[in-house]
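The structure appears below as structure tokens.
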Amino acid sequence: MEHIVLSYEDRVATIELNRPDALNALNEKMLAELLQALKEVEKSEADIVVIRGRGKGFSAGGDIKTMLQSTNEHSFIEVMETIKQIAITLHQLPKLTISYVHGAAAGLGFSLALACDYVIANEQARVAMNFIGIGLVPDGGGHFFLKRKIGDVKSKQIIWEGKVMSAQEAYEVGLIDEIGDEQAIQQKVTEWLAKPIRAMIATKQLYAHLSEEQLLNTLQMETAYQAKMRKTKDHEEGIRAFLEKRRPHFSGK
């Protein structure tokens, strides 16, 4: 794999997003490799999975350049299907998962971080569910994972505002579970490995089973709404403003 680095140490698998020059923006190839890595880990003897990014940040989200290059509807559906499978696999994975956020975790990158069982962010981390800035809705199960952590009302406010939050702000609202450095990852891994982890995984799978249909429905609706939003004038303006590095002027159309 080119954009994903998968490694094992004892009972821990580490998946690293590896497009540091692009702030680990998730393009089609990277998404396919991430799903492949998750499927490999699923069959492994690892009990814990750590997901992190190389370079200056976790992930800047979906690759805008890829979005511009791909106006083909079939390609869009294929990418959204891969994103859906990543979210479902992470949600149901019979392992305990930790995301470590340093630097930026935005958009789809933030959805990916929230899909894990436990989110650690360092003090310099900045997170945002910022799809609204380009006239889109969250995907990757973003609606589901936000609601799971903080409920409907706060989730809507965060999505609509698209605000970039510091690690402390995200911790206070309940989006991340711990503020810490590299040592915090090892401490959590050590703590979990010292417990009857089969029972912990069974509890995870029980909750995953109970909410499986809701996640699947969310992902299907995200795909449908994302397809609609891609055809709006506001999305076109959001993309232009992003490329021109200016504030967008939305018309509500």
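The values are calculated or read from the model by the stated rules, or taken from the named source; none is laboratory data. All values reported here derive from a predicted model rather than from experimental measurement. Neighbour counts are summed over all protein chains in view; Cβ atoms, including those assigned to glycine, are modelled from backbone coordinates with ideal geometry. The area values use the complete protein model at the heavy-atom level, side chains included, leaving out ligands, DNA and RNA. Shrake-Rupley method; radii C 1.70, N 1.55, O 1.52, S 1.80 Å.
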Revision key, fill the gap. Every listed condition ((1) farther than 30 Å from residue 194 by Cα; (2) surrounded by fewer than 21 Cβ atoms within 10 Å (Cβ to Cβ)) holds for residue 19 save (2)
Revision key, fill the gap. The condition from (1) surrounded by 22 or more Cβ atoms within 10 Å (Cβ to Cβ); (2) in contact with a strand residue (DSSP E or B) (Cβ under 8 Å, 6 or more places away or on another chain); (3) not in a loop (DSSP other than H, G, I, E, B) that residue 5 misses is numbered (1)
Check your understanding: If you take the residues of region 18-69 that are more than 14 Å from residue 5 (Cβ to Cβ), among the charged types (D, E, K, R) and in a loop (DSSP other than H, G, I, E, B), which of them is modelled with the lowest pLDDT?
Key -> 63
**Study point:** Count of region 97-119 residues which are buried (at least 24 other Cβ atoms within 10 Å of the Cβ) and either free of Cβ contacts under 8 Å to residues at least 40 places away in the same chain or more than 13 Å from the chain's Cα centre (by Cα) (or both)
**Key:** 2
Check your understanding: Picking from 238, 142, which residue would you name as being more than 30 Å from residue 12 (Cα to Cα), surrounded by 14 or more Cβ atoms within 10 Å (Cβ to Cβ) and touching a residue at least 12 places away in the same chain (Cβ under 8 Å)?
Key -> 238
Review point. Where in region 137-253 are there helices (runs of 4 or more DSSP H), lying wholly inside it, with at least 1 residues that are at pLDDT 95 or above and among the β-branched types (Val, Ile, Thr)?
Key: 142-150, 152-161, 167-173, 182-193, 197-229
**Study point:** Number of positions in region 148-178 that are open to solvent by 10 Å² or more (accessible area, probe 1.4 Å), over 26 Å from residue 232 (Cα atoms) and either of a type outside the set (Asp, Glu) or in contact with a Cys (Cβ under 7 Å, 6 or more places away or on another chain) (or both)
**Key:** 10
